[in-house]
Structures are given as C-alpha cells and as structure tokens.
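See structure below.
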Amino acid sequence: AFGKDIVPQAPEDPMFGLMAAYRRDTAEMKIDLGIGAYRDNNGKPWILPVVKQADELLRKDPNLNHEYLPIAGLPDFTSASQKLVFGKDSPVVTEKRVVSFQTISGTGALHIGALFLSKFYNRSASEAPAIYMSNPTWANHNQVFGNVNIPTKQYPYFSRETCSLDFDGMINTIKSAPAGSIVLLHACAHNPTGVDPTQEQWKQIASVMKEHHLFPFFDTAYQGFASGSLAKDGWAINYFVEQGFELLVAQSYAKNFGLYGERAGCFHFVTSPASNAQDTVARVGSQLAILQRSEISNPPAYGARIASLVLNDPKLFAQWEEDLRTMSGRIIEMRKALRGKLEELKTPGTWHHITDQIGMFSFTGLDERQVGELREKYHVYMTKNGRISMAGLNTGNVEYFADAVDAVVR
Ligand code: PMP
C-alpha cells in the first residue's frame, strides 16, 4: 500500500544532516556554525543561571506532582506570557482582548495558529487566503502552513547586494497582496538573515497592511535574546497592537530561556478594540480549546513551570534580564570580533553587515562554493545559503574562522 510512487523517500532535514556531518568530522579544529542554539564561550550548551535557580525551587516544592495541566496550559504561565509580549499595562490585557494557549514551543504555537486560520479564517472568500512569508524565512514556516493547506506566497526580504533589507521589494509585494491575505512577520532577529526592519520601516509596513486589510501573524522566537532588551525586541508587535490590528502571535521560550527541549511556548489571539471584543475572544478561545484537545490534549508542564516561576517573581525576573544580556552581549561581541578581524585582513568586500545584523544568525553573503570550501578545507559547517549561527563563534575560534573566510573569498 505504500510503494515509492505513493510514499517517496523524503530528503533529510538539511539542518540535522549538517549536524551529523559535523559530529562525524574527526579534525581537531572544526566549527559548528549551523547550530540554532546558544553556546557559551567554551562552545558548550548554557543553562541560564536563573533557570538553575528556578529548577531548584521547583524541586523543593512539596506540592509538585505530575498531574495534567489544563487544556490551555498553566494559567500563571499564559498570563505572564501575555504581559511579556504586550506589556503589563497593555489595553490588550486590561480590556481582555487576548486569549492565550500554552503550546509545544514556538512551532506548536505556529501550528495551532495555522490550524485555526485554516478552519476559521475568511471561509467565505472565493479563493483561500494565502500567507505571505519572507524570502528567505525559517524553513519550517513553509511546512507548518503547507501542512494545513494554507497557500504560501513570498515577499522579498533580503538584498544579496547590500546584505540588508530589501525594503522596497517587501513593501511593494505586501501592497499587491489581495485584501484578507495573511502576512507572517518575524518580531525581531529575523531567521535566517539577522536583518530586521527599522522602527520607521515597521510603521510603514503597518500602515500598508492596514490600508490593504492584511492580517498579521507574528512569530516571536527571540524576545530579549536579540538586543538584550525585552521591550526593544517586543516593539514591533506592540506598535501593531496600538494601531488596532486583530493579530496572532506565536511565542517561543526556547532561545530566551534556553529551554529548547522542554518545548515551552504560547499562542496569542488578539482582537481589535470593539464592543464585542470579549465575546470574540470567548468564542475563539472555545474553538482553540477543541483544536488543542484533539492535537495534544494538554501541554507539557516542566518548561512552563520554570518560565512561570521566573516571569512571576521580580527577583528572578531581574536575574533573567541579566542572563539575556549575557547571551545577547556575547553574540554582539562575536559580531564585532568577526567584522574587526575581516576588516583587518582586508578581506575583499564589505563586512559592516555582520554588526548591522542582530540575533542568533547572520547572512554572511558567502556563496555556495565558498561554503563548500569552508567545509572541505577548514572543517567549518554552515548552511549552503551562507547563514552562520553567531552562537557557534567564541574567542577561541573566531580568528580561525575569519582567516578561513578570508582564504575562500580571495
Ligand atoms: N520561529 C523561528 C523564526 C525560529 O527561529 C524558531 C526556532 N528555530 C522557532 C520559530 C520555533 O522554535 P521552537 O519550536 O523550538 O520554539
């Protein structure tokens, strides 16, 4: 029943293939720049000190057990997540215009949002509304929306010439999208390019989207991790909220808490200010509960408990902000070091984009041949599109990497 004409062999996930090749490499000096997880200056996974503290507190709690969480997740976690994304005093929270569900990290939040849209969004339209996503985007976005049969389209995003935002291309494509289309936006630290719109550009994007009746879906996977400031990294979403949009948010705690494998995340539905807003939120929430129940029944507890403890305790929260500055600060230092070294070597080309870009990833502008040579000759592993994870660089290997880049570019 499952012959190869029906179930063809699928290609290996390129990220996981890359990781496997890195592990097989026996060279003494090798660098993994594919990895989408933070590493400390010794190249090791880093448990945030605040997560260690929260974990110890949790383990001491005599009331802790392994019962199921409610379908919507841990209430203290979802309410704290709302405050984190929208701000403590946000009208979205005080006017009860938001409903939130704890999810299987950011991917699960994207999925429940996608599933909800596929079932309920613009059902009366003659053509199913498409979701527009940046070219390039996190590869999984295509699959998550494709899986629930939402047509996917692209808007230009990255200029290969300048290694920065192709703002004209982006805004013109968004302008030409049919009314009712969904637009997927990375709230900050765009993956894979590291390129974000400026606040001025965000304002223009919002204005065009409002004028053309487009529906925003924000993916926020790096709040606090990008700049070190939670407010700064959350600015774009809140600007859209202030403009009165109805919108969706998929929130991940993988990177900013280092809780990757614990799968802590949250999905938010926000409705516009209107007299029936609370009624809308109640109806949407009731349908989300059915979707959640049928997909995962109820979300996993551990990661949400850790995050909840930290988010709801002022002292731990302050420690968390410190830890965020440690991670973002180290990454910003590595950007400076890499750019500085390349400029010192007078490596052909310009390298200011390395420090202009932000977050975990950088689109270096290296082409496929150069990426191949880095791997074959220098044991440096990165994706073919020239993306590097800044977290893979440290004071022990950044010079080696810059020298290798210099060699393949010349
Ligand atoms: N969106 C983006 C843009 C990401 O980079 C990631 C993490 N790689 C995610 C969502 C979701 O990741 P997770 O499911 O691990 O939270």
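Rule-based calculations on the coordinates, nothing more; no lab input. The model shown is predicted, which means the values in this text are computed figures rather than measured ones. When we count neighbours, we look across all protein chains shown, and the Cβ atoms used for this are built from the backbone with ideal geometry, even at glycine.
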**Asked** Among 186, 379, 66, what is the fewest-to-most ranking by other Cβ atoms within 10 Å?
**Response** 66, 379, 186
**Prompt:** Top mean-square fluctuation among 23, 369, 263, Gaussian network model of the chain, C-alpha springs under 10 Å?
**Reply:** 23
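Hey, could you grab the Kirkwood Rh for region 10-137? Inverse mean 1/r over distinct alpha carbon pairs, Å, one decimal.
19.8
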**Global geometry of region 264-303, whether rounded, prolate or oblate, following the gyration tensor of its Cα atoms and the 1.5 cut on a/c** = oblate
**Asked** Of all the Cα-Cα pairs you can form in region 118-168, what percent are over 15 Å apart?
**Response** 53
**Item:** Inter-centroid distance (Cα atoms) of region 290-344 relative to region 81-140, Å
**Value:** 20
**Asked** Reachable lysines from residue 341, Cα under 30 Å, same-chain residues fewer than 8 places away excluded?
**Response** 30, 44, 232, 255, 377, 384
**Complete:** Listed residues 274, 80, 54; largest mean-square fluctuation, Gaussian network over the chain with Cα springs below 10 Å, found at 274
**Prompt:** Between rounded, prolate and oblate, where does region 251-410 land on the alpha carbon gyration tensor, with a ≥ b ≥ c its root eigenvalues, rounded for a/c under 1.5, else prolate if a/b exceeds b/c?
**Reply:** prolate
**Fill in**
Karplus ³J(HN,Hα) for region 224-240 (6.51 cos²θ - 1.76 cosθ + 1.60, θ = phi - 60°; Hz, whole; x = Gly/Pro) runs x, 7, 6, 9, x, 10, 5, 5, 4, 6, x, 4, 4, 4, 5, 5, 4
**Degrees separating the helix 302-311 axis from the principal Cα axis of the chain, which is the longest one** = 90
**Asked** When the Karplus curve 6.51 cos²θ - 1.76 cosθ + 1.60 is applied with θ = phi - 60°, which whole-Hz ³J(HN,Hα) does each residue of region 187-194 get, with x for Gly and Pro?
**Response** 4, 6, 6, 3, 9, x, 8, x
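Write down, largest first, the equivalent ellipsoid semi-axes of region 176-277 in whole Å, where each equals the square root of 5 times an eigenvalue of the alpha-carbon gyration tensor. Kindly include the intermediate steps, with their values, before the conclusion.
On the way: eigenvalues 114, 52, 31 Å².
Semi-axes from the Cα gyration tensor: 24, 16, 13 Å.
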**Request:** Express the relative contact order of the chain as a whole percentage, based on alpha carbon pairs under 8 Å and six or more residues apart in sequence.
**Result:** 26
**Asked** According to the square roots a ≥ b ≥ c of the eigenvalues of the Cα gyration tensor, what is the shape class of region 104-211, taking rounded for a/c under 1.5, prolate for a/b larger than b/c otherwise, and oblate for the remainder?
**Response** oblate
**Item:** region 294-345: radius of gyration over Cα atoms, expressed as a fraction of 2.2 N^0.38 Å
**Value:** 1.87
**Message:** Can you say what percent of the DSSP beta bridges in the chain, counting only those with both residues inside, are antiparallel? Round to 5.
**Reply:** 50
**Message:** Can you give me the angle between helix 398-409 and the longest principal axis of the chain, using Cα atoms only, in degrees from 0 to 90, rounded to the nearest 10?
**Reply:** 70
**Fill in**
Dividing the helical contributions, -39500 (n - 2.57) per DSSP H run of n ≥ 4, by the residues of the chain yields a 222 nm value, nearest 500 deg cm²/dmol, of -14000 deg cm²/dmol
**Item:** Cα pair distances in region 189-245, grouped into 5 Å bins until the bin that holds the longest one, percent each
**Value:** 4, 18, 29, 26, 15, 7, 1
**Request:** List the relative contact order of region 224-359 as a percent without decimals, with contacts defined as Cα pairs under 8 Å and 6+ residues apart.
**Result:** 28
**Prompt:** So how long is each side of the chain along the principal axes, counting just the alpha-carbon atoms, biggest first, in Å?
**Reply:** 63, 57, 56
**Complete:** Contact order relative to length for region 149-251, counting C-alpha pairs under 8 Å separated by 6 or more residues, stands in percent at 26
**Complete:** By the Kirkwood definition, with r running over pairs of different Cα atoms, region 335-410 has a hydrodynamic radius in Å of 12.2
**Neighbour-count order for 378, 68, fewest beta carbons within 10 angstrom listed first** = 68, 378
